[in-house]
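Enquirer: Got a structure for you, written out below as structure tokens; questions coming shortly.
The values are calculated or read from the model by the stated rules, or taken from the named source; none is laboratory data. Since the model is a prediction, treat every value here as computed from it, not as a measurement. All Cβ positions, even for glycine, are placed from backbone atoms using ideal geometry, and neighbour counts span all protein chains on display. Note: accessible area is taken over every heavy atom of the protein model, side chains too, but ligands, DNA and RNA are not part of it. Shrake-Rupley method; radii C 1.70, N 1.55, O 1.52, S 1.80 Å.
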Amino acid sequence: MQNAMVRRAMVRRAMVRKVMVRRVMMICFVFLQWMVAYDAVATARVEGMRVWASSDRTRFVLDMSQKPSYKVFPLSDPHRVVLDLSDVRWDTKAKTDLKNSIIYNIRMGRRERDVLRLVLDVHEPATISHFMLPPNQQYPYRLVLDLQHARMTSAQPKPPKAKPVSPPPRTPSLRELVVVVDPGHGGEDPGAVGPKGTKEKNVVLKIARALYDQLNREVGIRAVLTRDGDYFVGLRDRRQLARDRYQADLFVSIHADAWTRPSARGASVFVVSRKGASSTLAQFLADTANRSDRIGGVELNDNNKILKTVLADLALEGNLEHSFRVGDAVLSSLGDVAHLHKHGIEQAGFMVLKSLDVPSILVETGFISNPGDERKLRSSAYQRKLAMALSSGIVNYFRQYPPPETLFAAWYGDRLIEHRIAAGETLSDIAQRYGVTLRSIQELNSIHSDFIEVRQILRVPNS
């Protein structure tokens, strides 16, 4: 009797288990059916994810098949940024490197049937800005979150390398010259791409770093970089860094652009144009560079304040004059190591050159669309040669036109005299007359031959 009761109890338990299993299977089946049905009706897909980190900003990017409906908001305790995407299906296995970014973890889940929630765990509070970017040749729709934070690391100037000679005693009232070196593009904006896939943003960063090192070896000069990694810096931000943070004496933007025909080659130097581009190519390059804010960020429309600033920029004759002077010195030095696309200074409406009171030049180190130029620009040895030539031109300019109250002004400003060339005079005659070497006159005036013109004014060291 007892055995029969035990058997009946075991049968009942087995039947209960079967019923529970059937119910669980039914729930799972309904859930899967719901997921399949939801995925079928989702209007947009997440196709990619990337993170770019700079010194004071982390950019989080989602590649989208269509424009989504979304909400973004911060939460605290702990700090995190929440992104809710409506009617969106996650359709990527992309993983991203969070190194050096403010984000230390990314979580994802369904908040509601039609809401995909992403949670970005962040190290500290952040100011959030967000926007959609339209598709281009490289990317589909992009949802961009910019997380502005307080940390300042990679954009800070590196400690200058040891100077090769001991500087003269420094008077407290004298200062070093500041040169801001600006590697173009970066992050979401690769710039031009060569036939072999060479990206402009990578080449110009290497050249800029080499120029940074070269200039910091010069006594009396301190160089800084607008970016020292693969991240995007807005065009106006680059100008603002030079003018406001560093109080620069010179702004040098480094590029390696492209042209529609691969035959275009050689280096060029540009200054800002007052009325328009000096050639069709100049305008093409300016338009390409100015699209950086639309490629790597959001296009910001000028308001009256910006317009007034630009008009004021162009009205400052002295600034443009010195931009031409440093451009001439740099172009002359570049001609010693590179083929020149043009032997004169070009003018175009590059946005980064429209600084209020900082002499500014943009150097096209070559055409990455030209197979020969691309091959040379990929070479570390050639990159160093370009950097040395750029540094030489910049130093020669400052020796001729040292800003007041700088160490260069103390060393060169009161030891120079001006000589107007008379008919029949040669450089050797002038050097002998003032008791200086011929080479010192050539270097001081960026002269690379014996050709001089009557009434030309030379700067001569005062022995």
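This table checks each residue for (1) closer than 18 Å to Val224 by Cα; (2) of a type outside the set (D, E, K, R); (3) in contact with an Asp or Glu (Cβ under 9 Å, 6 or more places away or on another chain).
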site	(1), (2), (3)
Pro371	no, yes, no
Leu390	yes, yes, no
Thr406	yes, yes, yes
Ala410	no, yes, no
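Enquirer: Kindly check whether there is at least one residue in region 65-75 that is open to solvent by less than 50 Å² (accessible area, probe 1.4 Å) and within 22 Å of the chain's Cα centre (by Cα).
Expert: No, region 65-75 contains no residue that is open to solvent by less than 50 Å² (accessible area, probe 1.4 Å) and within 22 Å of the chain's Cα centre (by Cα).
Enquirer: Report, by residue number, each residue of region 106-122 that is open to solvent by 40 Å² or more (accessible area, probe 1.4 Å), at pLDDT 90 or above and not aliphatic (A, V, I, L, M).
Expert: Result: Arg107, Arg117.
Enquirer: Still on this model: Please return the ranges of strands (runs of 3 or more DSSP E) entirely within region 76-145 where 1 or more residues are in contact with an Asp or Glu (Cβ under 6 Å, 6 or more places away or on another chain) and more than 25 Å from Asp228 (Cβ to Cβ).
Expert: The qualifying strands (runs of 3 or more DSSP E) are 80-86, 88-90, 103-112, 115-122.
Enquirer: Among the residues in region 358-366, are any modelled with pLDDT under 85 and part of a loop (DSSP other than H, G, I, E, B)?
Expert: No, that holds for no residue.
Enquirer: Which of (1) more than 18 Å from the chain's Cα centre (by Cα); (2) crowded, with 24+ Cβ neighbours inside 10 Å is the odd one out, the single condition Ser360 does not satisfy?
Expert: Of the numbered conditions (1) more than 18 Å from the chain's Cα centre (by Cα); (2) crowded, with 24+ Cβ neighbours inside 10 Å, the odd one out for Ser360 is (1).
Enquirer: Kindly indicate whether Asp228 is closer than 30 Å to Phe60 by Cβ and among the charged types (D, E, K, R).
Expert: When the stated conditions are applied, Asp228 passes them.
Enquirer: Would you check which residues across region 174-188 are among the charged types (D, E, K, R) and under 22 Å from the mean Cα position of the chain (by Cα) and list them?
Expert: Scanning region 174-188 gives Asp182, Glu188.
Enquirer: Note down all Cβ pairs under 6 Å where the first residue falls in region 115-128 and is of a type in the set (Val, Ile, Thr), the second is open to solvent by 10 Å² or more (accessible area, probe 1.4 Å) and not in a strand (DSSP E or B), and they're at least six residues apart or on different chains.
Expert: Val122/His79
Enquirer: So, Arg375, is that one basic (Lys, Arg), surrounded by fewer than 20 Cβ atoms within 10 Å (Cβ to Cβ), more than 29 Å from Ile441 (Cα to Cα) and in contact with a Lys or Arg (Cβ under 9 Å, 6 or more places away or on another chain) or not?
Expert: Here the answer is yes, as Arg375 does meet what is asked.
Enquirer: Being among the small types (Gly, Ala, Ser), over 22 Å from Arg59 (Cβ atoms) and out of contact with any helix residue (DSSP H, G or I) (no Cβ under 7 Å at 6 or more places or on another chain), is that true of even one residue in region 206-213?
Expert: no
Enquirer: Do any residues in region 431-458 that are farther than 24 Å from Ala389 by Cβ have Cβ atoms under 7 Å from those of residues that are assigned to a helix (DSSP H, G or I), where the two are at least six apart or on different chains, and which pairs are they?
Expert: Ala431/Leu438; Ala431/Ile441
Enquirer: With a cut-off of at least 2 residues that are open to solvent by less than 50 Å² (accessible area, probe 1.4 Å) and either at pLDDT below 85 or under 27 Å from Asn445 (Cβ atoms) (or both), name the helices (runs of 4 or more DSSP H) lying wholly within region 227-335.
Expert: 280-290, 292-296, 304-315, 317-334
Enquirer: Let me ask something else about it. Looking only at region 214-240, count how many residues are touching a helix residue (DSSP H, G or I) at 6+ places or on another chain (Cβ under 6 Å), β-branched (Val, Ile, Thr) and within 30 Å of Pro262 (Cβ to Cβ).
Expert: Residues that pass the stated criteria total 1.
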